[in-house]
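Derivation of every value follows stated rules applied to the coordinates shown; laboratory data play no part. Just so we're clear, the structure is a prediction, and the values are computed from it rather than from any experiment. FYI the Cβ positions are ideal-geometry reconstructions off the backbone, even for glycines, and counts take in every protein chain you see.
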Amino acid sequence: MPRLPPASNDSVTVRWEGREVEARSGDSIADALYTAGIRTLTRSRKFHRPRGLSGTFAAGALARVDGVPNVRLDRTTVRAGLDIRAQNVWPNRSIDILRLARLIPRRWLRAGFEHPRWLPSGTRAFDRWEGFLRFMAGGGDAPDARAAGLAIAGERLSADTVVIGGGPAGREAAARAASHGRTVILVSRGSPPGAFATAMGATLPSLSPSLRVIAGSEAFALYRGAALVACAPRSGGAATLIDAKRVVLATGRRSVPPLVPNIDLPGVLDIHAALQLVQGGGVTPGERTVLVGTGDLDAIVDRLRNLGLNIVAAAPAASLKRVVGFSSIRAVDIDASRLGCDSLIHAGPWRPDPTLPFQAGADGAFRLATSGLPPHVTLVGSAAMPAEPVVFGGALDDRALVCPCMDVTVAEVRDLVRRGETHVEVIKRLTGCGMGPCQGVPCWDLLAAALATLTGAPAESFGHPSYRAPRGALTLAQAAGLADLVEPVAGP
């Protein structure tokens, strides 16, 4: 894909599957590969469908880097000489015989196929079968011994108020707390804080010099009733534990893709990921881009065009029937029309991220439950707004994937409902829905929407499994570096 001006002359060379790829200094690996026309980064678990950068489903941006598996390419900055390898392919990405799994009828690989009745567990034949399934499921192999890392020493801080989120609402909350003489730490996944709001053209309140800002870092957990905030830099640096008297969640909302076939094909991006490509790497998502979403789409179209994107059409998310393509997107079906395109951006339906609010009030051991936010935790801004309903083009299509990471289709959920299974915990265990690296976000929202349509009950009535910590932003090296900073808690 072409670069948008201005383009830096500073470049480095990395290797993708043995091929040299030129990248711009400061790019993420995903930016660099996308610019080079490499959209398929890995393959799905069962059917080995192509996966790529989407912003919504983390598994599509995982690869092996310098011998270390499961590295997030969209969060790793390029440096000269990096060796990047695709996962879940065999013997290599160019040949990849495992792609033949796409020819297997999907109904053959529904829940329970791993444990056929004719193959009892505990036998040598079953052990071989299990080994074969592990090989087919792919994922990351063990790290190269030469890539063994060391613990990254963490830091423990304290503050009267911890604000999570660097957008307008988070900045305003931090300023209010600081004006009352409180010590404030603001944690932002964006660097600089509020990067998404800035990309969308918003004007941000300035940050007081009295604040401590931890930018480019994600709050991966709230522990001990949200009295302990745990954060980790996306770059893989030292993690931080913060003792907090008060926590403000200004985490905004995320775009949930419509529940339609092929919504995870390479070239389909949520608006956060699309803007990161444009603002972070100066990369256009495609030469012909379609936008779907909710709210004021005209304003979003104007903003994207001002950034240099060629938006050929915009439509409500509920009008999207299907994404068309085999290895990457080549068209979309909107209502009764087919539009040719090589990228699709979704900007809504919008739903607040449920992870940290759940952890703030969670209690229990085997299955965590929550009774709501504790008094010292507050939701502000769009994080406090109601969730918009998931959409699916007017009718639920059996080919749509409720959980692309684990290859769980609507047809599989429909089959379980016919058998009387409607509890989300049971369905999660039978299908693996939400058990990939995305940790149920947004797959459990998609599952609830499918169950609501299939049963007639409200989506909210099904609840969701536990959103346990950590939420996927922590490496083993970072976790090891926090070990000496956490005092043991006596049991009951």
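What value in Å³ per residue do you get for the convex hull of the alpha-carbon atoms in the range 131-226?
Numbers: hull volume 18.8 nm³, N = 96.
With only Cα atoms used, the range 131-226 gives 196 Å³ per residue.
Taking a ≥ b ≥ c as the square roots of the Cα gyration tensor eigenvalues, with a/c under 1.5 meaning rounded and otherwise prolate when a/b beats b/c, else oblate, which class fits the range 356-418? It comes out oblate by the Cα gyration axes. Judged by the mean number of other Cβ atoms found within 10 Å, the most tightly packed of the peptides 83-94, 217-228 leads the ranking 217-228, 83-94. From helices alone, the chain scores -6000 deg cm²/dmol at 222 nm; the rule is -39500 (n - 2.57) for each run of n ≥ 4 DSSP H residues, then divide by the residue total. Left without a cysteine partner by the 4.7 Å Cβ rule in the chain: Cys231, Cys341, Cys405, Cys438. Sorting 455-462, 10-17 by average packing, meaning the other beta carbons within 10 Å per residue, from highest down gives 10-17, 455-462. The computed log10 I(q)/I(0) by the Debye sum over Cα atoms at q = 0.06, 0.08, 0.10, 0.12 Å⁻¹ for the structure shown corresponds, within [x] -0.34, -0.58, -0.82, -1.05; [y] -0.27, -0.49, -0.80, -1.19; [z] -0.43, -0.72, -0.97, -1.13, to [y]. Cross-link partners of Lys46 among lysines, defined as those whose alpha carbon lies under 25 angstrom from its own and excluding same-chain residues fewer than eight positions apart: Lys321, Lys428. Projecting the Cα atoms of Ala331, Val260, Leu344 onto the charge dipole of the range 257-348, computed from C-beta unit charges around the Cα centre, puts Ala331 farthest toward the positive end.
Packing-based ranking of 301-307, 116-122, 35-41, 65-71 yields 35-41, 65-71, 301-307, 116-122, ordered from highest to lowest mean Cβ neighbour count within 10 Å. The stretch between Ser208 and Arg338 holds 41.8 nm of extra length on full extension. This uses 0.36 nm per residue minus the Cα-Cα distance.
Note on the chain: dipole from Cβ charges, positive end direction compared against Leu157, Pro389, Leu416; the farthest Cα belongs to Leu416.
Beta-bridge orientation, the range 257-348: approximately 40 percent antiparallel, per DSSP, counting only bridges with both partners inside. Could you give the distance between the Cα centres of the range 244-261 and the range 161-230, to the whole Å? Using only Cα atoms, the two centres lie 15 Å from each other. A straight line joining the Cα centroids of the range 20-93 and the range 103-121 runs 30 Å.
Given in Å, the Rg to one decimal and the Dmax to the nearest whole number for the Cα atoms of the range 335-439 are 17.4, 51. In a simple Cβ point-charge model (Lys, Arg +1; Asp, Glu -1; nothing else charged), the chain has a dipole of about 800 debye relative to its Cα centre. Residues within the reach of a label modelled at Asn310 (point 7 angstrom out along Cα to beta-carbon, backbone nitrogen below 16 Å), restricted to the range 257-295, are 283-291.
Given R₀ = 51 Å, what would the calculated FRET efficiency be for Ser121 paired with Thr13, taking r from the Cβ atoms and rounding to 0.05? That gives a FRET efficiency of 0.55. Projecting label points 7 angstrom from Cα along Cα→Cβ for Ala483 and Arg429 puts them 3.2 nm apart.
Shape class of the range 146-188 from the Cα gyration tensor (axes a ≥ b ≥ c, square roots of the eigenvalues): oblate, since a/c reaches 1.5 or more and a/b does not exceed b/c. Stretched out straight at 0.36 nm per residue, the stretch from Arg330 to Ala387 would grow longer than its current Cα-Cα span by 17.5 nm. A Cβ-based charge dipole, computed about the Cα centre of the range 345-474 with Lys and Arg at +1 and Asp and Glu at -1, lands at about 220 debye. Simple rule: put +1 on each Lys or Arg Cβ and -1 on each Asp or Glu Cβ in the range 54-173, find the dipole, and look at Pro91, Ala58, Gly170; the Cα lying farthest toward the positive end is Pro91. Projected onto its three principal axes, the C-alpha set of the range 257-348 covers 31, 29, 19 Å, listed from the longest axis down.
Share of antiparallel DSSP beta bridges in the chain, in percent to the nearest 5?
Details: 41 of 77 bridges.
Taking every DSSP beta bridge with both residues in the chain, the antiparallel ones total about 55 percent.
The length gained on full extension between Glu20 and Glu287, counted as 0.36 nm times the residue separation minus their Cα-Cα distance, comes to 93.7 nm.
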